[in-house]
Amino acid sequence: MNKLRYFVESQAFGVCTRLGEKMNISASSIRLYFIYTSCLTLGSPVVLYLIMAFWMEMRKHLRRHNHPTVWEL
C-alpha cells in the first residue's frame, strides 16, 4: 500500500505533500480538507490547487535553468 501511495504522490504534483511539510501537518489531513472544501464549494479549490502546482513546477524549471547539470551543458 505504501508503494502505491508513494507512486501516486511522485506522479502527481505533490501540492498537498509540500504544504504538509511546510506547515508541519500530515498530508493526508490536507487532502481530506481539500476534498471536503471542493465538495462544499463546487470545486473552486481545484483552481487554487492547479495554480499552486503550476507555481511549484515553474520553480523547479527556473532552478534547473539557473543551475544546469553536467548533462545539460
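The values are calculated or read from the model by the stated rules, or taken from the named source; none is laboratory data. Because the structure is a prediction, the values reported are computed rather than measured. For neighbour counting, all protein chains shown are included, and Cβ atoms are generated from backbone atoms with ideal geometry for every residue, glycine included.
Taking L73, is it modelled with pLDDT under 75 and more than 14 Å from the chain's Cα centre (by Cα)?
Considered against the rule, which asks whether it is modelled with pLDDT under 75 and more than 14 Å from the chain's Cα centre (by Cα), L73 comes out as yes.
Applying the selection to segment 40-73, what residues are on the phi > 0 side of the Ramachandran plot and surrounded by 10 or more Cβ atoms within 10 Å (Cβ to Cβ)?
G43
Would you mind listing the helices (runs of 4 or more DSSP H) fully within segment 1-40 where at least 1 residues are farther than 15 Å from A53 by Cβ, of a type outside the set (D, E, K, R) and modelled with pLDDT under 85?
Correct list: 2-11, 27-40.
Tell me yes or no: at least one residue of segment 42-63 is free of Cβ contacts under 8 Å to residues at least 12 places away in the same chain and either of a type in the set (D, E) or outside any helix (DSSP H, G or I) (or both).
Yes, that holds for at least one residue.
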